[in-house]
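Colleague: Handing you this structure, nothing more for now.
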Amino acid sequence: MLQLHALRCIPGLLLAGLLQAAEPASVGRGAPDPLIPPDIVGSEGKGYFTGAGIPADNAPIFAARDGAVPDGIEPLALDIFSTRDFYQDRALWSDPRYYRCNSAVGLEQIWGAYEVPLIGDDPPRTAAWGFCDRDYPREQIVSPYGFATAKAHFEALLTEATAKGGPTRHTAATLPAWSGRYGRQRDKRLAWFNGATLQIPTYLSLLTPDYQQRFVQQMYHYSGDNSAQWPGSYCWPEGFMRRLAQYGGASVQLLLTPDLVLDMRNAAKTLVTQIHIGRRFNEEGVVPRLGPDVPQWFGETIGFWDGEALITWTSNVQGWISHGGFEYSSKLQSIEIYTARKDAAGALLGLHHEVVLYDPEALVEPVRIVHLLDRLPDQQTLDPLTIMECIPQSFPVSGVTTPMSPGQVVEYRVPDIFGRPWAKIWEEYHEQGMQRPQPAKSRFGL
Amino acid sequence: MSSLNRATVTAACLALLGSPAGQAHHSFAMYDSGKTLVLTGIITQVDPNPNHLQVFFAPLNAARDQVEKDARGEPVVWAVEMDGAALAARDGITVNGLPRGTIVSVGLHPLRNGHTGGGRGENGFYRCPADTPPPPGKHCDSVAGAVALGEGSLQAVP
């Protein structure tokens, strides 16, 4: 049985979290922020550093590497690095040792995705271990609010605002002065969705069986055969959850008007959330929506103000993946609450962004992510936010992401964008001989 | 109205609506507008692309009890290109409205290069009632309870 290591807070980070504006108790927002653990699980090729490149004083984090095994740990005879068919190992998926106690991001970068590689000179034998005695409490991940649906959550918050005489109808003169640029706090410990603080079995406990298999499939192809298929590498869509990934979506620009708020973020493409203030969803279809019955890559979002709190509901999302995170379905919906973080004098320091995700197809229960956005200084002299048009430079060549030069000729298979194209590549090129569970055929032989 | 006319009119309407699909996305010359095939099959997937929604389906055999197979024994899959996803949704042509396994009939102008695809043009598109294929040799427009997804009829033109 794993023991959670003692949780303690990081003073500076905790302080940042506490500086959000004081709000009265609510049924659906403002619960205490999730705990911030002192350590990540590992392994991690460049320690706690989050910038580009490798710092001069780089300190990789691992429990053992180069063929060693952490003290007191009995390795499994078969793990995700050595297996020939991870589908057959389902009974082992819930044992952290199957992943050598690496976190999800630990596996993602173990071959050197953007870090110092920790795979060693003789993989799989030499792949590094994370710390088996570290994990993140599941109860700090799941929603503390008890709503089964985003609709119920949103309506409870709307009722709460109405009881106070709201929702607040801001004019251009009364809108909070939030328009401008922000940077998200990027410490690896700050959000579980960064993927660094929890063991993979804890991650899997949040997912339904089908999405557990999808997640382990992704983890295998980071670790077992080094065949990452990040959507952004091919300029495929980035998708809704990329807004919340550690690196993607960390550069933010907000533009507020009384009727529409734009939340723009950058990854391989510019990610735009349009928050329609005061509108209501058409709820006649499979999922609530504003426009036609067509899933949107960033969904459709309505919202209202409760004083200086902006409360939003996003639905009609196109199911997809944010690499290193869980796959999500087109049933995904979110409730998001933006509130101000101010200093003692009332000056805006940044925003507190609380996100509760509902996805009955992928998640066994709703989960919560909390981010802290810092308002950037010198707003009038910042470089403009780059509008990202992704230009394809890499292509899957025999199942391997391969940078190509102008003029080169490559055999190209058209991806099935709406059919898990990353997985199609894995299954064709990297799962030969595996016995993947197959869906039953219909009576028409399809 | 010819298929070319329909495409032209559709493009003009989209332009008026300010839709991005109103911008000329591609020529329709790859389709043989002088021919119309009418096929009945099982939906495999709907791709809700903003410029042109695509419906993928596996045609049923004449007996309407099995999908057609290729030489390797795999289902043959056809693609039919429609209006942009937002416009198509107004006719009920959506991912949610046409889940995998839905039985449909569609008229299409086939690709000139012989590949298994076509453009819908002005042709009809019908959804059979759930799990109810048409009788042998017939199409969904002959089945009680079938739903027409937009305008147009199912008339083959060899």
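The values are calculated or read from the model by the stated rules, or taken from the named source; none is laboratory data. Because the structure is predicted, anything quoted here is derived from the model rather than measured. Using ideal geometry, Cβ is built from the backbone for each residue, glycine included, and neighbour counts are taken over all protein chains shown.
Colleague: Only one of these conditions is not met by residue B:90: (1) surrounded by fewer than 16 Cβ atoms within 10 Å (Cβ to Cβ); (2) more than 14 Å from every other protein chain (Cβ to nearest Cβ); (3) among the basic types (Lys, Arg). Which number is it?
Modeller: (2)
Colleague: If a residue must be modelled with pLDDT of 95 or more and assigned to a loop (DSSP other than H, G, I, E, B), how many such residues does the stretch A:121-145 contain?
Modeller: Residues in the stretch A:121-145 being modelled with pLDDT of 95 or more and assigned to a loop (DSSP other than H, G, I, E, B): 15 in total.
Colleague: I've got another one for you. Determine, yes or no, whether residue A:243 is surrounded by fewer than 24 Cβ atoms within 10 Å (Cβ to Cβ), within 19 Å of the chain's Cα centre (by Cα) and among the basic types (Lys, Arg).
Modeller: Criteria not met by residue A:243.
Colleague: Scan the stretch B:57-74 and tell me whether some residue there is crowded, with 18+ Cβ neighbours inside 10 Å, modelled with pLDDT of 95 or more, more than 8 Å from chain A (Cβ to nearest Cβ) and closer than 30 Å to residue A:291 by Cβ.
Modeller: For the stretch B:57-74, residues crowded, with 18+ Cβ neighbours inside 10 Å, modelled with pLDDT of 95 or more, more than 8 Å from chain A (Cβ to nearest Cβ) and closer than 30 Å to residue A:291 by Cβ: present.
Colleague: Take the stretch B:148-158 and flag every residue that is loosely packed, with under 15 Cβ neighbours inside 10 Å and in contact with a strand residue (DSSP E or B) (Cβ under 8 Å, 6 or more places away or on another chain).
Modeller: Residues satisfying the conditions are B:153, B:155, B:156, B:157.
Colleague: Does residue A:263 qualify as being acidic (Asp, Glu), away from chain B (no Cβ under 14 Å), free of Cβ contacts under 8 Å to residues at least 40 places away in the same chain and buried (at least 22 other Cβ atoms within 10 Å of the Cβ)?
Modeller: Criteria met by residue A:263.
Colleague: Now for a different question. Among the residues of the stretch A:146-177, which ones are within 22 Å of residue A:300 (Cβ to Cβ), part of a helix (DSSP H, G or I) and in contact (Cβ under 8 Å) with a residue 60 or more places away in the chain?
Modeller: Residues satisfying the conditions are A:150, A:151, A:153, A:154, A:156, A:157, A:158, A:161.
Colleague: Further question on the same structure: Suppose we keep only residues that are in a loop (DSSP other than H, G, I, E, B) and within 11 Å of another protein chain (Cβ to nearest Cβ) within the stretch B:42-56. Which one would you say is modelled with the lowest pLDDT? Reasoning before the result, please.
Modeller: To start, the set of residues in the stretch B:42-56 that are in a loop (DSSP other than H, G, I, E, B) comprises B:48-53.
After this cut, where a residue has to be within 11 Å of another protein chain (Cβ to nearest Cβ) as well, the list is B:48-50, B:53.
On the way: B:48: 91, B:49: 88, B:50: 85, B:53: 92.
For the stretch B:42-56, the residue satisfying everything is B:50.
Colleague: Turning to a different aspect of this structure: Among the candidates B:104, B:77, which residue alone is more than 8 Å from chain A (Cβ to nearest Cβ), in contact (Cβ under 8 Å) with a residue 60 or more places away in the chain, among the hydrophobic types (A, V, I, L, M, F, W, C) and under 14 Å from residue A:444 (Cα atoms)?
Modeller: Answer to the selection: B:104.
Colleague: How about the stretch A:243-260: which of its residues are touching a residue at least 60 places away in the same chain (Cβ under 8 Å), of a type outside the set (A, V, I, L, M, F, W, C) and touching a strand residue (DSSP E or B) at 6+ places or on another chain (Cβ under 6 Å)?
Modeller: Within the stretch A:243-260, A:249, A:251, A:253 qualify.
Colleague: Let me ask you something else. Quick check: is even one residue across the stretch A:210-221 part of a loop (DSSP other than H, G, I, E, B) and out of contact with any helix residue (DSSP H, G or I) (no Cβ under 6 Å at 6 or more places or on another chain)?
Modeller: no
Colleague: Would you please list the contacts, defined by Cβ atoms under 6 Å and residues six or more apart or on different chains, that run from a residue in the stretch A:430-445 that is on the phi > 0 side of the Ramachandran plot to a residue that is among the polar types (S, T, N, Q) and surrounded by 10 or more Cβ atoms within 10 Å (Cβ to Cβ)?
Modeller: Listed pairs, sorted by first residue: A:445/B:66.
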